[in-house]
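The next block holds one structure in the form of structure tokens; read it before the comments.
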Amino acid sequence: MKPSLHIANTSVAALLVAISAMNATAADLSVEQVSAMLKNASPSTLADFTGKDLSDLDLSGLDFRNANLRGVSFFGSKLVQSDFHGATLEGANLNGAWLMGTDFTGANLTRASLLSVVILGGAVKKMPVFKGANMTGVKMIADLPGADLSGADFSHSMVGVNIKNQGMGQMRTDLSNANLSGATLAGADFNRSLMTFCDLRGSNLRGANFFRAKLGGADLTGADVAGADFTEADLDRTIFRDVKGFADAKGLNRAENVDKIVR
């Protein structure tokens, strides 16, 4: 007998888990079918997985270059999620994709688009992993508090608010408590991003834009901040110990709580 759903007292996340447990189904496609679609793709006919369920599949090492993965679900019934370890997703469209727990370790996401991706909170919250991923030139708006992005390359990426496409205060990337140690953010735009208590130790922040970013409590120990712009950023208790290029950082005289930084 299926369990009843007490919707009034159940969060959206818990409700989805209950539905998944009651109606657990396999992914819409097998790994072999996914591989065949990718193989048959061409510059004029891109692989299109729009809205498909690809949960719990081992997609590691596959080439999803320029593929349409818009709204795809990687949210597995067993919460195992999909594996893109070492896969190529260069130029892929993952806008609105469900990424709970998806493993992008070492994947190539150069110029990929990850706008408004879905990562549920509550009991089922499991962050996707981008450890060592190539995120060069990526466009991303996502809630990733506590996520592992250590060693990832965000060079020249657009992670902050795009004023041309959205109003101020709307859809900000949340990297609070995220691990970005050893990451490269050179020339990247993280304006207005939430990065409180973010681990940026030993990271390359040269020329990065942190305009109005929330960096309170973030740890930049040993980071290279030459040319980074901290104009109006909140630096309450931000750790700047042993940073490189501090004298060449921009906007510190216009940052908030700059008198409270830790050096």
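The values are calculated or read from the model by the stated rules, or taken from the named source; none is laboratory data. This structure is a prediction, so every number in the text was calculated from the model and none was measured. Heads up, the Cβs are rebuilt from the backbone with ideal geometry, glycines too, and the neighbour counts pull from every protein chain shown. In case anyone asks, the SASA skips ligands and DNA or RNA and just uses the protein heavy atoms, side chains included. Shrake-Rupley method; radii C 1.70, N 1.55, O 1.52, S 1.80 Å.
Taking only alpha carbon atoms, the stretch 92-237 gives an Rg to Rh ratio of 0.93, where Rh is the Kirkwood radius.
Would you mind putting 230-236, 38-44 in packing order, based on average other-beta-carbon counts within 10 Å, highest first?
On the way: 230-236: 22.1, 38-44: 10.6.
Per-residue Cβ counts within 10 Å, averaged per peptide and sorted highest first, yield 230-236, 38-44.
Sequence-distant contacts, meaning Cα pairs under 8 Å at least 6 residues apart, place the relative contact order of the stretch 131-263 at 17 percent. Accessible surface area normalised per residue over the stretch 220-263 is 52 Å², counting heavy atoms of protein chains with a 1.4 Å rolling probe.
Students often check this: by mean Cβ neighbours within 10 Å, which of 237-246, 189-198 ranks highest, and how do the rest follow?
Numbers: 237-246: 17.5, 189-198: 23.9.
Result, highest mean Cβ count within 10 Å first: 189-198, 237-246.
The alpha carbons of the stretch 192-237 give a radius of gyration and a Dmax of 9.4, 23 Å, in that order.
Please state the equivalent ellipsoid semi-axes for the stretch 28-107: what are the square roots of 5 times the Cα gyration tensor eigenvalues, largest first, in whole Å? It would help to have the intermediate numbers written out before the result.
Details: eigenvalues 67, 32, 29 Å².
The answer is 18, 13, 12 Å, longest axis first.
Considering only protein heavy atoms and a 1.4 Å probe, what is the carbon-and-sulfur percentage of the accessible area of the stretch 216-263? Don't skip to the end; give the middle numbers.
Details: 940 of 2330 Å².
Of the solvent-accessible surface of the stretch 216-263, carbon and sulfur hold 41 percent.
To put it simply, the accessible area of the stretch 135-197 at a 1.4 Å probe is 49 percent carbon and sulfur.
Using the 1.4 Å probe convention, the accessible area of the stretch 38-116 works out to 41 Å² per residue with neighbouring protein chains retained. Packing here is the average count of other Cβ atoms within 10 Å per residue, and on that basis the peptides 200-206, 144-150, highest first, run 200-206, 144-150.
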